[in-house]
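The values are calculated or read from the model by the stated rules, or taken from the named source; none is laboratory data. Please read these numbers as outputs of a predicted model, since none were measured by experiment. Don't worry about glycine lacking a Cβ; one is built from the backbone with ideal geometry, like all the others, and counts go over all protein chains shown. With ligands, DNA and RNA removed, areas are computed over all heavy atoms of the protein, side chains included. Shrake-Rupley method; radii C 1.70, N 1.55, O 1.52, S 1.80 Å.
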Amino acid sequence: MIEINAKLLRDQSAVFMCGEVVECLIDFIHPSLPEHKISQSNSDILENLAWATVQLHCYCNASFNEKTVHDAATNRNVGGSTSLNASNQLKGEVLHSTEPKILFCDLRLSPGEAKQFLYRETVPLSTPPTYRGIRVKYYYKITVATQRLGSTVQALNIPIRVLPLPLPQSDLDEAITLNDESNEDLAPNNPFLEKKRPPSRIEYALHYLRGVTARRRPNFFMINNKWGKVGRFCLFKSAYKLGEDIVATIDFSCGTIKCVQLSVTLQCEETELFRGGISTAAGTPSPKEESIGAESPDVAANSSEAGNEPERQKNISRVTNYSKHHEVCLGMLQTQVILPIPLHVTPTFRTDLIEVSWRLHFQFVTSTNAELSSEMLLDRTTENEEELEWVAPTDVAIETMIWSLPITIYPTAPLQIPQPCGEYKLNIK
């Protein structure tokens, strides 16, 4: 029997960015024989493995495209280029695979002997991040495959999480990132100092990530409906990292109607992009998102239903709720909203199949009931202060108003996500 142990060198976090190097230690161990067992020949002592390879796979499991995925998987397993494809029975289709690296050929181990190999691979830049959605799933596996003489191919899969690489989307973002650099290049050259190496792609991406998520530019939105103004919403920035808190304020002092209660939910929207549909460019809001961000949600909802009916048949959206803030705000002049962004979610990205976007979904419960007015309490004098009291009405006519605001969520540094990677084992008998 031979034991295969695999463990990532970065054991505190099995999270990597696209373009980052993954390092994995792979041990092949032949356990020692028990003391009471006596070998009859040399063949009983040595264990022989014909070959072993390692490669990184990106899988795509789409439930709305099951027939295509099944046909592709069948063709791959029947007429695959290597026997490794036939040994992998994971769900989904192999979207991308790196070149297999051969660890050895014809390995012989005596009892108590072990061989260790170091696998290094760069995560491709053109692949999607790890995502476990409703209809589409992307996941990554480091596959260690080996075969014993006279046996079938056996594989050991080590899962990793991959985050998208944040890069400047425009020339303005790239200019701002370059201007953040220090002026060390303008200093006189010192022949006794080592020449500073240029930043790597990962360092450049992390530098851009810190800059784009640290910019504070407050955005104000006046919330109103057909009866009047509800309040003013202030969002300090529209770009966030995983693990950050979304902090915003709502000012009801400028409102003309009463807001009884409100709820704000952080939602992830998964939109299926069919090839026959009209797809929007990356980074630009779809017609549905434009109608969501309108100041008059009730009118915008009607126009969205009437004008975007052909678009809705082509692109199907599904929403998942995460953090939620609920508060009864009757009588408040101001309130604060804090929504934490979980570390396990996937940032904003887009592929040929789906587009994942994030938004803040609001629900305002308003009322025009005259009994909810507190003007009589504000005008009271000190003489009759103890005699006055406000009695809540038994029935209140309310109206619910819905509004959604798109935001952008970027990845964070992989080491800031605590996702320990254990040791994976496979016994070959």
So the pair-distance distribution of segment 202-277, from every Cα-Cα distance in 10 Å bins, comes to percents of 14, 31, 27, 21, 6, 0
Beta carbons within 10 angstrom, averaged per residue: use that to sort the peptides 140-147, 94-101, highest first. 140-147, 94-101
With a Förster radius of 60 Å, plug the Cβ-Cβ distance of E23 and W227 into 1/(1 + (r/R0)^6) and report the FRET value to the nearest 0.05. 0.45
Among K115/K137; K137/K241; K115/K141; K141/K237; K137/K425; K91/K429, which pairs are too far apart, with a Cα-Cα distance over 30 Å? K115/K137; K141/K237
Label-point separation (nm) for Q416 and R108, each offset 7 Å from Cα along Cα-to-Cβ? 5.4
Can you pull the accessible area of M401 for me, 1.4 Å probe, Å² to the nearest 10? 10
Based on Cβ point charges of +1 for Lys and Arg and -1 for Asp and Glu, what charge dipole magnitude is obtained for segment 102-141 about its Cα centre, in debye rounded to the nearest 20? 320
